[in-house]
There are 2 protein chains.
Amino acid sequence: MEIEQKIINTMRKLALDEIAEANSGHPGVALGLAPALFAVYKNANIYPKDANWFNRDRIVLSGGHASSVLYATLFLFGYDLSLEDLKEFRTLGSLTPGHPEVNVTSGVDASTGALGQGIAQGVGMCLAEKHIASLYNKKDAKICDHYTFVFCGDGDLMEGISYEALSLAGTFNLNKLIVLYDSNDITMTDSLSVTSAENTKQRFEAMGFDVITVLKGNDYKEIEKAIKKAKTKSKPTLIICKTTIGFGSKLANSAKCHGKPFTKEEVAEICQNFGVSSVPFEVSQDVKEYCAQLSNKNAQNYENWQKIKEEYKQKYPNEFEELFGDNVKRLEKALNKISFKKPISTREASGEILNTLANTLNNFFGGGADVAKSTMAYLNDKGDFSKHNPCGQNIPFGVREHAMGGICNGICLHGGLRTFASTFLIFCDYMRYAIRQSALMDLPVLYLFSHDSIMIGQDGPSHQPIEQVASLRLIPNLAVIRPADANETVSAYKIAIDNPAPTALILSRQTLPILKGSGDDALFGAYVISKEKKKMQAILLASGSEVSLCVQAQEELLKENIDVRVVSMPCAELFLKQTAKYQNSVLPKRCEKILAVDYGCGETFFKFISKTGKVMRINSFGESGKGQEIADLFGINVENIVKNVKKMIK
Amino acid sequence: MEIEQKIINTMRKLALDEIAEANSGHPGVALGLAPALFAVYKNANIYPKDANWFNRDRIVLSGGHASSVLYATLFLFGYDLSLEDLKEFRTLGSLTPGHPEVNVTSGVDASTGALGQGIAQGVGMCLAEKHIASLYNKKDAKICDHYTFVFCGDGDLMEGISYEALSLAGTFNLNKLIVLYDSNDITMTDSLSVTSAENTKQRFEAMGFDVITVLKGNDYKEIEKAIKKAKTKSKPTLIICKTTIGFGSKLANSAKCHGKPFTKEEVAEICQNFGVSSVPFEVSQDVKEYCAQLSNKNAQNYENWQKIKEEYKQKYPNEFEELFGDNVKRLEKALNKISFKKPISTREASGEILNTLANTLNNFFGGGADVAKSTMAYLNDKGDFSKHNPCGQNIPFGVREHAMGGICNGICLHGGLRTFASTFLIFCDYMRYAIRQSALMDLPVLYLFSHDSIMIGQDGPSHQPIEQVASLRLIPNLAVIRPADANETVSAYKIAIDNPAPTALILSRQTLPILKGSGDDALFGAYVISKEKKKMQAILLASGSEVSLCVQAQEELLKENIDVRVVSMPCAELFLKQTAKYQNSVLPKRCEKILAVDYGCGETFFKFISKTGKVMRINSFGESGKGQEIADLFGINVENIVKNVKKMIK
């Protein structure tokens, strides 16, 4: 057996060893996918000693359940992963978790596992590459010039997010995207024909892809040929690798080997058939030596690029800083100059601020799902990205929310750019898992969600958020900020630009007054926006547009000598991170009389009120009609706030 | 001008009148889509006097922003809608809301507006038709035999949910599905080419559709021809109607007429060009008379079907009852016989119960997104639905969560069947908007979500729900039930089968003990599952698998003479609907010491505890490792419950 085939068989062996050791994992895909993985890692411009090399080819394993064989590959190619790590597959705290995690394992370019996400992330990486290349590459210095490889399976391609992302890849003609489709005709439950009768080749051609079919998907040399061919294509490429799930095992070609580990005895037998050691985790010397060579094969490319980078830094310090610096100070400086005097919706404020930032720094790159001009997430005079205009900074995502989220994750994973994604708040429900992934991967995607309540009016319940704000606030590691006016919106951006994790801004469609006292205290998550006069009798608590209702109610109440405090809480999560002392200074523990006011379900506020407190909120869906009429119908207005306070303090 | 063309122009005119009156709406699509709408309503087997006729052709307007012209059509075709109703377009409480709503307007078969959903719903209706026909039609009585028409636009087709649903329609060869694609090459922001360069015809052919292109999409006769042709096809059909957005207006063929109303003056001018009255809401006598005829044209079909129905009732009373009765009593009877004695996961319990129900009643029709055999949402011996086996009761949805939700909505909208949709809980994030739509439309879809916590273990954070239960509980009108053991699972089904709205069951992967005292008290949403011995010192509150932890902790505490109560709260929403007296008997208002325990974010519980209470919960994402190890890592275990109670009562 020639050495490269032996490596592939060793990858298979190690994957099965991992799964047997953990007694958990997915052996079928590991056996089938190994040749394609080998072909890509061998041919990719990667340098395992610096796994995060900026100009490396990106490799995404969308079907993350094949993690075992990915880890085996990374180990063999010399990433920072040991045999001991492989032995700890799927154990708590190991470097080899059940599905690949980007901040855990060296060489993993994206967290995957939920099907379809990896494809969108790959498209995002490729989009980032194309954009950076067009905007930052110089004739004498190609700072960004690489391919993106994505492995996917049948399940990935069935998911809507993958269609959305790939359709966009075709439209944008992302010719450096190479998707390897592990086509084994078996899904978790059954043979593929039960759930899909598509002509995949034809579908991808219709979407603007070149398609190469490798009938012998078990022959890595055929896949290598296809990869080389794909690199010459002027369109994105789909390589269909006809593979065999569970190749080499008794369960080959059956759904039975999808998720059930082989016993150690079965593994030993399979290893013998493959001509590799049946001693668990044993790797032969010749494999080790050859892999060491492979691992180092792009050393020269790497060194050359380091030189380019150094020259780039000297010649183009400004661009260099944009790409590689964190630039937070520059953005902060720009933000500090902004202040609003006149009533304006927070989506409009957001639009102005975003444009100011994008005029400060060229590496803003994002867009909206066909509504950027309504959510105001549009960079003026910066052009739309297209195949003819890759330096355009606005990404016209089309009506593709879920892919938008996944693609922005990919842009962030790529590095070098600041990205934002925008749609109407209600449609965050279309992209929820992608938002969760931003949070899971610590990616500072900026989500701009406008049209934030029933106040959007006539479009009716299908378009009116009720539970969306509260439900976004439940996602761990996501900062959700709902500013009360334009100046709190500035503060919200201050939080966002320095947040290593994602931030979602919740923005109003309707004009909101500028509140006296609004501003940077919002950085604490919540603050007293309008203090009681003398002796506080109750607290009004709200976020967003409802804060101004509370301030109005405060004035009304004062006319009747009722003295209340108004607290604005743009970001509950952030407030909970403040000291107990600060929290107590805003919402004193002893205060039993807190009235929270919300145009939505208001669930977030229950944490902050005692049993004697109350949340004015909407327990049902919205209605089609004028915003104010709907608010009155549900009783969320100044009059009722006043009434409720009076009742409460009785 | 011939009369039918005049009707089309009157539809346009009325749509513009509505929009002008409301000063809100989408004129562009109304002008472009009118001929296709007319062609369908003229040729469809509908009977407006009985808008809900079981055997009518179904018609779904997926691009719900064209509501104005839909209402005009419904009015003209004689549905229960007056000119006065049209004048109230988009006003609060009217029969003509901003987007079509199924329970509001006679003749509206599905609530639409969020793009893509209507397509999945249409596929669901068509699937229901095919299944009912195969299972219930008799040689002498075709009780179900109709077409489903879906109107969609560019935006609908970009959404992933539409790809998922249509790919399945192709796989299942739903030949009675006719999709009319309003292809005007303009999206909300720009021309379509900016965001999509697809060859739609080729893509649909790859997906198993026949495609007919009507180049003169403004000529209703051409569309009629296409519809007639489509009815003869053996595959589902896509009719591409090349139309002109804003046809007849100065803004024709431009994104500018998408969402901006014309002024009344502009409307008058357009009406003159169309040769119809420019007096707002004036309809000429000849149009009225011809429409009255059209409205009645299927009277004979309708009468014939009524006879068939009557005969069917006589000859096949059992099937008749299944299709048209509510059958709750029969199902209840079956449920009452089930009780579990041995430890078993709630997903397994659910599987047994579901099968018992499906053996009681033949009209269960649902499935899972490639994981039905893991979530146990599989009907044994009932076969898989396929083009060759349309009486199969298990729908193999493939890895298509979002479409699964939308399709189940369509099945429910169709009527005659009970449907269920199943996947791992984490992936409810992929289908969230579809779940919301079940709730919005009052559709009793049964969602079966298993693998409900970190206890799934090694698959890691991408697969471990943290915020999902709490976030589902935020959706209005959705009953979310998380049973503590197998017997509470029976109770959960009792709630579900009688719930006119959707229910989501949250099920464990791991085995759970049978709890003493568990059972039908769960029907109250929450109840005392294990009472204090004498004097209650604290309350332990939980749902699902954590209830048994609490019961264990109670025992431990009792050894140290600490007397606590354990409350199981499978359904918070339901508990909140009980009398204050009942609520107080379970969670006494005076009780300051409530410790809630949750393997997830536990947000729901804050409503039920005072400021001195505490929620033991997970504030971050999960980890890859063994379930119990993860629970210990986060400190959610019996030991810590005991500790926390002691601290609390100090």
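Any residue that is of a type in the set (A, V, I, L, M, F, W, C) and farther than 26 Å from B:Ile411 by Cβ - is there at least one of those in segment B:40-50? No; the residues of segment B:40-50 include none that is of a type in the set (A, V, I, L, M, F, W, C) and farther than 26 Å from B:Ile411 by Cβ. Only one entry in A:Val179, A:Val211 is within 14 Å of chain B (Cβ to nearest Cβ) and either farther than 30 Å from B:Leu166 by Cα or in a strand (DSSP E or B) (or both), namely A:Val211. Is there a residue in segment A:632-639 that is more than 11 Å from chain B (Cβ to nearest Cβ) and part of a helix (DSSP H, G or I)? Yes: segment A:632-639 contains one or more residues that are more than 11 Å from chain B (Cβ to nearest Cβ) and part of a helix (DSSP H, G or I).
Identify, please: which residue in segment A:248-277 is part of a loop (DSSP other than H, G, I, E, B), over 38 Å from the mean Cα position of the chain (by Cα) and touching a residue at least 40 places away in the same chain (Cβ under 8 Å) and is, among those, farthest from A:Glu84 (Cα to Cα)? Selected residue: A:Gly275.
Of the conditions (1) touching a helix residue (DSSP H, G or I) at 6+ places or on another chain (Cβ under 6 Å); (2) away from chain A (no Cβ under 14 Å), B:Asn327 fails just one. Which one is it? Result: B:Asn327 passes all but (1).
Of the residues B:Asn103, B:Asn173, the single one that is surrounded by fewer than 24 Cβ atoms within 10 Å (Cβ to Cβ), within 14 Å of chain A (Cβ to nearest Cβ) and within 25 Å of B:Lys225 (Cβ to Cβ) is B:Asn173. Taken together, the residues in segment A:601-631 that are at the interface with chain B (Cβ under 7 Å from one of its Cβ atoms), of a type in the set (A, V, I, L, M, F, W, C), crowded, with 23+ Cβ neighbours inside 10 Å and under 23 Å from A:Cys571 (Cα atoms) amount to 1.
Matching residues to (1) within 10 Å of chain A (Cβ to nearest Cβ); (2) farther than 26 Å from A:Ala206 by Cβ; (3) in contact with a helix residue (DSSP H, G or I) (Cβ under 7 Å, 6 or more places away or on another chain):
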| residue | (1), (2), (3) |
| --- | --- |
| B:Gln117 | yes, no, yes |
| B:Val123 | no, no, yes |
| B:Leu127 | no, no, yes |
| B:Tyr136 | no, yes, yes |
| B:Asp140 | no, yes, no |
| B:Ile143 | no, yes, yes |
| B:Gly155 | yes, no, no |
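Looking at A:Asn318, is it without any contact (Cβ under 8 Å) to a residue 60 or more places away in the chain and in a helix (DSSP H, G or I)? Yes; evaluated as a whole, the condition is true for this residue.
Assess whether B:Asp452 counts as being in a loop (DSSP other than H, G, I, E, B) and touching a strand residue (DSSP E or B) at 6+ places or on another chain (Cβ under 7 Å). The answer is yes for B:Asp452. Among the residues of segment A:313-333, write down those that are surrounded by fewer than 17 Cβ atoms within 10 Å (Cβ to Cβ) and touching a Ser or Thr at 6+ places or on another chain (Cβ under 9 Å). Matches in segment A:313-333: A:Arg330, A:Lys333.
Exactly one residue out of B:Gln464, B:Gln468 is touching a Gly at 6+ places or on another chain (Cβ under 8 Å), buried (at least 24 other Cβ atoms within 10 Å of the Cβ) and within 25 Å of B:Gly116 (Cα to Cα): that is B:Gln468.
Of the residues that sit in segment A:223-246 and are under 28 Å from the mean Cα position of the chain (by Cα) and part of a helix (DSSP H, G or I), which one is surrounded by the fewest Cβ atoms within 10 Å (Cβ to Cβ)? Within segment A:223-246, the match that is surrounded by the fewest Cβ atoms within 10 Å (Cβ to Cβ) is A:Lys231.
When B:Ile7 is tested against (1) crowded, with 24+ Cβ neighbours inside 10 Å; (2) within 30 Å of the chain's Cα centre (by Cα), exactly one condition is not met: (2). Scanning segment A:194-213 for residues that are out of contact with any Ser or Thr (no Cβ under 8 Å at 6 or more places or on another chain) and surrounded by fewer than 21 Cβ atoms within 10 Å (Cβ to Cβ), we see that the one that is nearest to B:Lys387 (Cα to Cα) is A:Asn199. Scanning segment B:186-199 for residues that are without any contact (Cβ under 8 Å) to a residue 60 or more places away in the chain and either in contact with a helix residue (DSSP H, G or I) (Cβ under 7 Å, 6 or more places away or on another chain) or more than 11 Å from every other protein chain (Cβ to nearest Cβ) (or both) returns B:Leu192, B:Thr195, B:Ser196, B:Ala197, B:Glu198, B:Asn199.
Suppose the filter is surrounded by fewer than 19 Cβ atoms within 10 Å (Cβ to Cβ), at pLDDT 95 or above and either within 25 Å of the chain's Cα centre (by Cα) or not assigned by TED's automatic domain parsing to the domain that holds B:Ser545 (or both); does B:Asp381 pass it? Criteria met by B:Asp381. The requirement of being in a loop (DSSP other than H, G, I, E, B) and within 20 Å of the chain's Cα centre (by Cα) is fulfilled somewhere in segment B:42-56, by at least one residue.
For B:Glu311, the test of being in a helix (DSSP H, G or I), among the acidic types (Asp, Glu) and out of contact with any strand residue (DSSP E or B) (no Cβ under 7 Å at 6 or more places or on another chain) is failed.
Please indicate, with yes or no, whether at least one residue in segment A:521-537 is at positive phi and either crowded, with 20+ Cβ neighbours inside 10 Å or not β-branched (Val, Ile, Thr) (or both). Yes: one or more hits. Do we find that A:Gly217 is in contact with a His (Cβ under 9 Å, 6 or more places away or on another chain) and either crowded, with 24+ Cβ neighbours inside 10 Å or modelled with pLDDT of 95 or more (or both) in this structure? Spelling it out, it is not the case that A:Gly217 is in contact with a His (Cβ under 9 Å, 6 or more places away or on another chain) and either crowded, with 24+ Cβ neighbours inside 10 Å or modelled with pLDDT of 95 or more (or both).
Quick check on A:Pro476: is it within 10 Å of chain B (Cβ to nearest Cβ) and modelled with pLDDT of 95 or more? So A:Pro476 passes the test. Residues that are within 14 Å of chain A (Cβ to nearest Cβ) and in a helix (DSSP H, G or I) within segment B:577-600 comprise B:Ala580, B:Gln583, B:Asn584, listed in sequence order. Go through (1) among the charged types (D, E, K, R); (2) more than 14 Å from every other protein chain (Cβ to nearest Cβ); (3) without any contact (Cβ under 8 Å) to a residue 24 or more places away in the chain; (4) in contact with an Asp or Glu (Cβ under 9 Å, 6 or more places away or on another chain) and name the single condition B:Glu88 misses. Checking B:Glu88 against (1) among the charged types (D, E, K, R); (2) more than 14 Å from every other protein chain (Cβ to nearest Cβ); (3) without any contact (Cβ under 8 Å) to a residue 24 or more places away in the chain; (4) in contact with an Asp or Glu (Cβ under 9 Å, 6 or more places away or on another chain), the one that fails is (2). Scan segment B:558-579 and give yes if some residue there is touching a Gly at 6+ places or on another chain (Cβ under 8 Å) and free of Cβ contacts under 8 Å to residues at least 24 places away in the same chain, otherwise no. No, segment B:558-579 has no match at all.
Summed over segment A:376-387, the residues that are within 11 Å of another protein chain (Cβ to nearest Cβ) and either farther than 19 Å from A:Ala165 by Cβ or in contact (Cβ under 8 Å) with a residue 60 or more places away in the chain (or both) give a count of 4.
The values are calculated or read from the model by the stated rules, or taken from the named source; none is laboratory data. Since we're looking at a predicted model, the values are computed, not measured. Here the Cβ is made from the backbone with ideal geometry for all residues, glycine too, and neighbour counts use every protein chain on show.
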